[in-house]
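Have a look at the structure below, then the notes.
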Amino acid sequence: MWHITKREIYDNLNSLRFALTTVLLLALMVTNAVRHIREHPKRVQTYRDAVTESSARLTAHADGSLYKLAQYGPGNFYKKPSSLHFCANGGESILPDTIKVGDPPVFATDSENRVILQGVWSLSYPDANLQNKNVGPKVSQVDWAFIIGSILSLIALWFTFDAFSGERERGTLRLMLANSIPRHTVLIGKFFGALISISIPFALAALVNLLLISTASTVHLTTEAWGRLGIIFALALLYTSLFVALGLLVSARVQQSAVSLMILLLMWVTLVVFMPSTLASIASSFSPATSFDEFWKQRNPIEEDLWDKYDEWLWSSKVDDKTLRGKSAFFTENAEREERRHEERLRYRSSQVYRARAITSISPATLLQHLIEGFAGTGFERHLQFVENTQRYARQLREFVADTDRADPESPHILGVREGMSKKFITPESVPRFEDTLNLSRDFNTAAMELLLLTLFVLVLLSGAYLAFVRVEV
Amino acid sequence: MLKTLIRRELLDNLMTSRFAAVLLITLLLVVANTVVLIQDYEQRLESYNGAIRTHYQELRAAKTYSTMAILVDRAPNPLSIFNVGLDKRLGNLVGIYHGFMPTLWNAQMHGTDNPFIAFFSLIDIVFIFEVVLSLMGLIFAYDAIAGERERGTLRLVLAQPIGRGQILLAKYISAMACLLVPLILSLLFALLLLMRSIPLSTADFLRIAGIVFASFAYLSLFYLIGLLISVATRRTGTALMLAMFVWGFLILVYPNLIRATVNPGGDIQARTKIVEDQIQQILDEYERERQKFLEKEGIAGETSEFSKALGLHSYAFVDPVTLMSYVENISLISEIHPEFEQYAPSAKRYYNFVEPLSARTVEKTWHIRKQALDEIYVRQAETDRVLLKFSPVGVYDAATQAWAGTDLEGVRDFFSTARRYRKAVIDYLYAKEAFSSREWFIADKGAVDWSTLPQFTFERSTVGTNAKRALPDMFLLLICNLALFMLIVLIFMKSEV
């Protein structure tokens, strides 16, 4: 078997297609690296500036009374740009990179515009960015996901379409099978031969890409990032072997290599180019989205109901326990409802995206796209992770406020109202800070399903190729 | 002789499995996507109609001139099913106000879609053709000459008294005749589905004819590229491999690569800042004149009795990103207290002076803005488009967009119509002497009657304009075709059999 593999590799290395492939992949990977080196520092800078500003706001809110912190909360939250952005762009231009902490809502003012009733902060999730200022032509980003998903799969077919049909045409297949080699050994030899011949130019191009990126002084890759890159490389191999198996399958069944290539091309166009978008648009048309107007309309009855419930406390200027508790309950409930409404909207939208994703998972190209996005820390999954991170922090900060208040025996422990909270001074250093993190094991868990599906595809196609080749007459 | 050749080639092509496969795939893809695209179009149309209704009501709700809110909407283009272009991406809702010049950069979306779904880009019919037709052309061409050479039949044909050019012509004609079958058939199916739910005008059919013609030229271009490879190579295997490489490069790699390598030009922020300052100067000038007038009338000061009496909110600002300049003087009161009634004549004089001034001011800023916006946003996109045209895909895309009217020019037509409408509204206000009327700032003696306000209508540009915009790209496609054919003839003449 090793012999056959070696022969295949030598055969391929000397061919025109190998040279063309190497040039093509190198060109793509170098472009990708140059672009990343040019753009990543800008992204990081923007993020740092935003975080500094947001942190300054938290410091300002936390410097002084506990009430101010409870009322204004932290500054806005920003999504940390992934250092593996070059692996998968993940529609970052569409996804919002901020989660806003709204200013405490003003419920009432007096005749001289002084605030007399003000609630507490809540989280709100901005909608996706519209592309309505971009008049340029529509193009996809040259990232690893594109290079692997579209180009490498095409190359895999390019290397395998004549694996059997070509040898049959030249008559060398008979010769080989006349030897005492079992057919499955021939198949596996061919499989590994093609896979290794494709991996060589890809690995070369990827290495050049990573060399460029890691030597650039402006971009830093951590150990974890290297681990993730390793996983992405393994994914690329798995995905390529899927198309190698497909190529072998068709090549074994078809008599002429030209016909085999044609069939493979049409299959590729369907699987990689058309299936993802067509299926997604079909899926998204199943459930209509709620418009912004409807979103506002939902809000009004909720608010009125709340006003009625707490009416008797809200307008009294007394500072007794009951009134304060009434106000406090009103503020917290209002913030909670506001947050829940935003969350529901986000959940509704993401469930739509998930449905579309589930349907498009029939196409291996989409599976790969999702997997690479998952491990590169970009895309929709990552966005939801960011949302979760901020929610966890929001809880943490609220608990911190409650705990600090509880530690003060003089405080009446009524949160959200000035008179009901601890009067002790707090320092900004004692307040927990937000940090946006990525979790590799979590990424693995979410990716497990898709990973299994992709492996399943490979196995099915490989066994299909085996059956086809075993039964074929030479 | 030519006829015999053509017939032979035609039969040869029609009876192959590749013809059946190509036909099936094209039909399947076009029909499936057309259904989805029509659904999408209907959804957008519904949201457009809803927006029109809301905006009509909003206009009626305004009781005074100074609080008027005229919002105009852009209807979805039915031909966006063929090439969506910028139709879905750019804003389709813009305000009309005398203190503001509507441009593409200030437009908003009235869509009700889930914007996250934009992850999965919708494909249009032209995109399917871009990928499938090119593949078809190459698949039919790669063995046209190389195959005959391998089988030895080329010698046989050449032994006949027939010119080499004629052989090529026969091959070209018959292959194109075959390739047209899936193209026309799938388009017919698409049209059939379209006509069931979307009314199309004669002009639309002419535009579709233009798209079909462009598709034909594109298909032929790829057939000729395949033929060139076939003539230049000895073996079909090599020809096929080269054809596939060329296809991958032209369709997949080049269009995406070019955008990544071109550096977004210049320091946009610095450029914007300069223009912002210029506009700010004009706005300051406006503010000075306004204050001068107020002082002359003896009613100056933000907290003056006059401002309070009218509930006057006056601002003039420029947006640092889109350079939008906006000048507004609204009066937010429902009644005038009797003690303030003395200010009513001043208010009439004030508005009569300040509103024409603000209209003039934003018109002055408009010239500076237009140039800057073109330089900042449009020029980069234009460069990208030109670079994209080195691949046939770019030319074909541009030509079909121009035919469909979903290109930048087509969308801009809407905004120039909106600007003309703004002018018409201002003329109407002058004619009604609205600026110096009491209804401008207060509705206590009767609200404004909006029924005579000129209506906004937007007609897509005529077929002639579409054709004129598509012409350069159509020419480019045809010239490439001719040049390639000549090159092929030359190579074939000189080649040994």
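The values are calculated or read from the model by the stated rules, or taken from the named source; none is laboratory data. Worth saying up front: this structure is predicted, and the values here are computed from it rather than measured. Every residue, glycine among them, receives a Cβ derived from its backbone with ideal geometry; neighbour counts consider all protein chains shown.
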Listed by first then second residue, the pairs whose first member lies in region B:373-385 and is more than 9 Å from chain A (Cβ to nearest Cβ), whose partner is hydroxyl-bearing (Ser, Thr, Tyr) and buried (at least 16 other Cβ atoms within 10 Å of the Cβ), with beta carbons under 8 Å and at least 6 positions apart or on separate chains, are B:373/B:103; B:373/B:322; B:376/B:272
Checked region A:249-282 for anything farther than 21 Å from residue B:245 by Cβ and part of a helix (DSSP H, G or I); matches are A:249, A:252, A:253, A:274, A:275, A:276, A:277, A:278, A:279, A:280, A:281, A:282
Filter region A:1-46 for residues that are among the β-branched types (Val, Ile, Thr) and out of contact with any Leu (no Cβ under 8 Å at 6 or more places or on another chain); which is nearest to residue A:217 (Cα to Cα)? A:44
Only one of A:473, A:450 is more than 25 Å from residue A:54 (Cβ to Cβ) and outside any helix (DSSP H, G or I), namely A:473
Conditions: (1) of a type in the set (Phe, Trp, Tyr); (2) buried (at least 21 other Cβ atoms within 10 Å of the Cβ); (3) over 30 Å from residue A:324 (Cα atoms). Residue A:192 meets all but one. Number of the miss? (2)
Looking at residue B:415, is it of a type outside the set (S, T, N, Q) and within 14 Å of chain A (Cβ to nearest Cβ)? yes
From the option list A:203, A:156, single residue qualifying as among the hydrophobic types (A, V, I, L, M, F, W, C), surrounded by 14 or more Cβ atoms within 10 Å (Cβ to Cβ), free of Cβ contacts under 8 Å to residues at least 40 places away in the same chain and under 17 Å from residue A:19 (Cα atoms) is A:203
Out of (1) more than 18 Å from the chain's Cα centre (by Cα); (2) closer than 30 Å to residue A:199 by Cα, the odd one out for residue A:40 is which? (1)
Top-ranked residue in region B:1-54 [being touching a residue at least 40 places away in the same chain (Cβ under 8 Å) and in contact with a strand residue (DSSP E or B) (Cβ under 8 Å, 6 or more places away or on another chain); ranked as farthest from residue B:143 (Cα to Cα)]: B:51
Out of the residues in region B:257-282 that are within 11 Å of chain A (Cβ to nearest Cβ) and in contact with a helix residue (DSSP H, G or I) (Cβ under 7 Å, 6 or more places away or on another chain), which is modelled with the highest pLDDT? B:257
Single residue of A:407, A:376, A:448 found to be surrounded by 15 or more Cβ atoms within 10 Å (Cβ to Cβ) and either at pLDDT 90 or above or of a type outside the set (Asp, Glu) (or both): A:376
With B:196, B:207 as the choices, which residue is at pLDDT below 90, away from every other protein chain (no Cβ under 14 Å), within 30 Å of the chain's Cα centre (by Cα) and over 17 Å from residue B:146 (Cα atoms)? B:196
What do you reckon, is residue A:350 within 14 Å of chain B (Cβ to nearest Cβ), of a type in the set (Gly, Ala, Ser), over 30 Å from residue A:115 (Cα atoms) and surrounded by fewer than 20 Cβ atoms within 10 Å (Cβ to Cβ)? yes
Need the failing condition index for residue B:48 against (1) at pLDDT 85 or above; (2) not in a helix (DSSP H, G or I), just the number. (2)
Any idea which of B:32, B:62 is surrounded by fewer than 17 Cβ atoms within 10 Å (Cβ to Cβ) and within 12 Å of chain A (Cβ to nearest Cβ)? B:32
Residue pairs within 6 Å by beta carbon, gap of at least six or interchain, first lying in region B:197-219 and under 14 Å from residue B:461 (Cα atoms), second of a type in the set (S, T, N, Q) and in a helix (DSSP H, G or I), listed first then second, are B:207/B:466
Tally the residues that are part of a loop (DSSP other than H, G, I, E, B) and either in contact with a Leu (Cβ under 6 Å, 6 or more places away or on another chain) or at pLDDT 90 or above (or both), restricting the search to region A:152-171. 2
Kindly indicate whether any position in region A:194-206 is within 25 Å of the chain's Cα centre (by Cα), within 14 Å of chain B (Cβ to nearest Cβ) and in a helix (DSSP H, G or I). yes
I'd like the full set of residues that are without any contact (Cβ under 8 Å) to a residue 60 or more places away in the chain, under 16 Å from residue A:72 (Cβ atoms) and of a type in the set (Val, Ile, Thr), limited to region A:96-111. A:101, A:106
Report, ordered by the first and then the second residue, all pairs with beta carbons closer than 9 Å, sequence separation of six or more or different chains, a first member in region A:162-181 that is not assigned by TED's automatic domain parsing to the domain that holds residue A:252, and a second member that is surrounded by 14 or more Cβ atoms within 10 Å (Cβ to Cβ) and of a type in the set (Gly, Ala, Ser). none
Name the one entry in A:230, A:149 that is under 22 Å from the mean Cα position of the chain (by Cα), surrounded by 24 or more Cβ atoms within 10 Å (Cβ to Cβ) and in a helix (DSSP H, G or I). A:149
Need the failing condition index for residue B:377 against (1) modelled with pLDDT under 85; (2) assigned to a loop (DSSP other than H, G, I, E, B); (3) among the aromatic types (Phe, Trp, Tyr), just the number. (2)
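Every residue, every condition in (1) farther than 21 Å from residue B:293 by Cα; (2) touching a helix residue (DSSP H, G or I) at 6+ places or on another chain (Cβ under 6 Å), yes or no:
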| position | (1), (2) |
| --- | --- |
| B:338 | yes, no |
| B:348 | no, no |
| B:363 | no, no |
| B:372 | yes, yes |
| B:376 | yes, yes |
| B:387 | yes, yes |
| B:398 | yes, yes |
